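J.: Just passing along the structure, written as structure tokens.
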Amino acid sequence: MNEGWVKLWRKMKDNPLFGDSVWVHLTVYLLIESSHKPKQSMFEGEVITLLPGQVITGRRKLAKTLGCSDSRIERLLKRMEIGQQIEQQKKQHSRLISIINWKLYQGSEPQDEPQVNHNRTTSEPQVNTVLRSKEVKKLEVKNKDKIKHLDFVHLSQIEYSTLLTDYGKSQTAELIRRLNDYIGSKGDKYKSHYFTLLNFARRDNIKKITPAAKFTPSTPPPSKPLTAEELAEAAKFQEQLAKIGNAKKVMEAGK
């Protein structure tokens with residue numbers, strides 16, 4: 001990842017940690033190492049989709065790169081997490097770090113923007129309108145064969161059915177609601193809403209449901225009423241049992 005660029009905002013100097021050179025180094029390193037577009041990656045033996053602003057790394061690797069101790073890195077990452085700069089998903093040998101508000105501060109500008117800026121005229125609003133119209137049309141074509149859930153989430157029937165099978169109706173509805181609210185409040189765009197929902201579930205450690213084995217107890221056969229012959233045989237058998245019992249009592253009394 002040696003091509004492209006990232007933005008550094010001036011408000012960065014307002015952070016209480018700005019005087020810590022290791023924090024500045026760590027912040028810049030995470031920015032330049034984070035993915036700038038969705039891509040498949042291995043995370044502790046599992047294939048996941050890295051979203052923009054996410055990077056897989058480790059405490060030891062960061063310490064070696066920045067030339068400081070493991071404990072120093074751990075403390076800084078914890079303070080960045082508390083300060084809502086990042087989110088972390090830790091595993092045994094590595095961690096997934098997500099930079100919060102990546103889209104807000106690193107959102108890409110249209111390719112025509114620099115040229116427009118060098119030639120600012122009264123026609124600029126018209127240029128921006130054309131660019132936005134192209135983006136809307138592109139999004140409409142992309143979501144043509146998908147079903148809209150709530151206001152902003154688009155999923156194919158297969159994608160939605162898979163989510164229902166893996167996470168159940170209530171958890172799927174909650175994941176969709178969260179993504180819908182996030183898109184509505186931030187205006188973010190994602191290449192795949194389905195893979196974004198999977199990443200949400202993985203990040204929050206939402207377990208897939210396992211259908212419980214169904215057990216249906218066997219039903220005993222309906223009882224039939226005894227016939228007259230069966231009743232007579234039963235009475236005769238009871239009478240014989242009574243005679244045997246009486247004979248036994250007489251024998252015991254004679255001992």
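J.: Condition first: surrounded by fewer than 18 Cβ atoms within 10 Å (Cβ to Cβ) and more than 21 Å from Gln89 (Cα to Cα). Now tell me which residues in the range 167-187 satisfy that.
T.: Of everything in the range 167-187, those that are surrounded by fewer than 18 Cβ atoms within 10 Å (Cβ to Cβ) and more than 21 Å from Gln89 (Cα to Cα) turn out to be Gly168, Lys169, Ser170, Ala173, Arg177, Asn180, Asp181, Gly184, Ser185, Lys186, Gly187.
J.: Among the residues of the range 227-234, are any closer than 30 Å to Lys169 by Cβ and either at pLDDT below 70 or out of contact with any strand residue (DSSP E or B) (no Cβ under 9 Å at 6 or more places or on another chain) (or both)?
T.: So far as the range 227-234 goes, no, none of its residues is closer than 30 Å to Lys169 by Cβ and either at pLDDT below 70 or out of contact with any strand residue (DSSP E or B) (no Cβ under 9 Å at 6 or more places or on another chain) (or both).
J.: On to the next question. Looking for something buried (at least 19 other Cβ atoms within 10 Å of the Cβ), more than 22 Å from the chain's Cα centre (by Cα) and of a type in the set (S, T, N, Q) - is there at least one such residue anywhere in the range 29-49?
T.: no
J.: Mind listing just one residue for me: the one in the range 60-84 that is without any contact (Cβ under 8 Å) to a residue 60 or more places away in the chain and part of a loop (DSSP other than H, G, I, E, B) and, of those, surrounded by the most Cβ atoms within 10 Å (Cβ to Cβ)?
T.: Cys68
J.: What number of residues within the range 144-159 are crowded, with 16+ Cβ neighbours inside 10 Å and at pLDDT below 85?
T.: The total comes to 1.
The values are calculated or read from the model by the stated rules, or taken from the named source; none is laboratory data. Here the structure is a predicted model, which is why all the values come from computation and not from measurement. Glycine gets a Cβ as well: all are built from the backbone with ideal geometry, and neighbour counts include every protein chain shown.
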